[in-house]
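*Asks:* Let me give you the structure first, and then I'll get to my questions.
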Ligand SMILES: [Fe+2]
Ligand SMILES: [Fe+2]
């Protein structure tokens, strides 16, 4: 997954015409793990701990995770105590906060939608480690918690709120032809996957309208045809994402599912300044589409069903395209807008560095360096007819 992140960052730099970006260190303080020492779990008087079915070298975690000890404590399941081993076995194994940070990163990359692993795992607590009985593996006793991982693609935001349609049953108009394998799933797993893919479908469906509005907004500011065309192409791709998601949701649910009417106001507000459009583009496109691409790639790395893999492969590639488009739009807005655009983006950069959000690695390794480089590269423009125009 770090490879996908590097590739995405290179693609974005290329799309922006920027030089290769330097990789910053992982943000200190981004780790949500709490480091504590828990002697009973480590080897010694409290009883030797053995790990049966620990997390794999690829960072996958899930239902097979089991920890047992000679004292009789045993935990098997999707949540609770587990042994987590770091990829690549760094030497020496990190301890304390650096270990927590490495584990948090690895768990983020293992966020999956898969018949066996339908949710994300977050690090709740690092109990102890590296464990004495497996020094070559850098393994730790941890507690994880499950958290759903929504596709954070381009949202449709109206008056500060994310808008989606409500799901309706019995209508397969928004379903493509994908047929995931149900034979290895029980009813609870099917229901969970149906809800997850329905939620994804609704967000993808709303993204269609979000790109349509972006195209109109760009036109009100005199944007070139390449950017307007990019928005229309992205909107069509989002229709495909929505149809694929509803197809999977329908099969898992055992009934057709699709979106109802999109609840939009009669007078849909549009950004009324370069500055406003630039900030929306950064937040909804540059950040969210990058997170969406990485999320899809992480889920793809864990998925085994051919239909699910096909859907996620397409989403990962096309969300990367959408992130590229957003950065190209942002560059144009910065070039064409007045000093207020730069001031707004400078302030946003400060906020991004201060608050790491729900995907600190993407922010610190992709968004912040891209934005810094863009601000360094684009020189303030003389006022033009376009920059001084205000939409009616
Ligand atoms: Fe999408
Ligand atoms: Fe997208």
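*Asks:* Here is a list of conditions, (1) closer than 16 Å to residue 8 by Cα; (2) within 16 Å of ligand 1 (Cβ to nearest atom); (3) surrounded by fewer than 23 Cβ atoms within 10 Å (Cβ to Cβ), and residue 310 meets all of them except one; can you say which number that is?
*Replies:* (1)
*Asks:* Only one residue in 347, 301, 316, 292 is without any contact (Cβ under 8 Å) to a residue 24 or more places away in the chain and either part of a helix (DSSP H, G or I) or under 24 Å from residue 235 (Cβ atoms) (or both), so which one is that? Walk me through how you get there before you give the answer.
*Replies:* Working: 301 fails: without any contact (Cβ under 8 Å) to a residue 24 or more places away in the chain; 316 fails: without any contact (Cβ under 8 Å) to a residue 24 or more places away in the chain; 292 fails: without any contact (Cβ under 8 Å) to a residue 24 or more places away in the chain.
Every option except 347 fails the conditions.
*Asks:* So which residues in the stretch 135-175 are outside any loop (DSSP other than H, G, I, E, B), more than 27 Å from residue 320 (Cα to Cα) and either within 16 Å of ligand 2 (Cβ to nearest atom) or modelled with pLDDT under 85 (or both)? Give the steps one after another, and end with the answer.
*Replies:* Kept after step one, since they are outside any loop (DSSP other than H, G, I, E, B), are these residues of the stretch 135-175: 139-147, 157-158, 161-162, 167-169.
Next, from what is left, pick out any that are more than 27 Å from residue 320 (Cα to Cα): 139-145, 168-169.
Scanning the stretch 135-175 gives 139, 140, 141, 142, 143, 144, 145.
*Asks:* Let me ask another. Looking at (1) touching a strand residue (DSSP E or B) at 6+ places or on another chain (Cβ under 8 Å); (2) within 16 Å of ligand 1 (Cβ to nearest atom); (3) over 17 Å from residue 198 (Cα atoms), which is the only condition residue 249 fails?
*Replies:* (3)
*Asks:* Going by the conditions given, is residue 234 crowded, with 17+ Cβ neighbours inside 10 Å, within 14 Å of ligand 1 (Cβ to nearest atom), modelled with pLDDT of 95 or more and within 24 Å of residue 168 (Cα to Cα)? Let's see the steps before the verdict.
*Replies:* On the way: crowded, with 17+ Cβ neighbours inside 10 Å: yes; within 14 Å of ligand 1 (Cβ to nearest atom): yes; modelled with pLDDT of 95 or more: yes; within 24 Å of residue 168 (Cα to Cα): no.
So residue 234 fails the test.
*Asks:* To continue, here is another question. List the number of the failed condition for residue 340; all other conditions in (1) touching a helix residue (DSSP H, G or I) at 6+ places or on another chain (Cβ under 8 Å); (2) modelled with pLDDT of 90 or more; (3) closer than 20 Å to residue 17 by Cα hold.
*Replies:* The one condition residue 340 does not meet is (3).
*Asks:* Quick check, is residue 219 in contact with a helix residue (DSSP H, G or I) (Cβ under 9 Å, 6 or more places away or on another chain), more than 16 Å from ligand 2 (Cβ to nearest atom) and without any contact (Cβ under 8 Å) to a residue 60 or more places away in the chain?
*Replies:* Values: in contact with a helix residue (DSSP H, G or I) (Cβ under 9 Å, 6 or more places away or on another chain): yes; more than 16 Å from ligand 2 (Cβ to nearest atom): yes; without any contact (Cβ under 8 Å) to a residue 60 or more places away in the chain: yes.
Yes: the conditions hold for residue 219.
The values are calculated or read from the model by the stated rules, or taken from the named source; none is laboratory data. Nothing here was measured: the structure is a model prediction, and the numbers come from that model. FYI the Cβ positions are ideal-geometry reconstructions off the backbone, even for glycines, and counts take in every protein chain you see.
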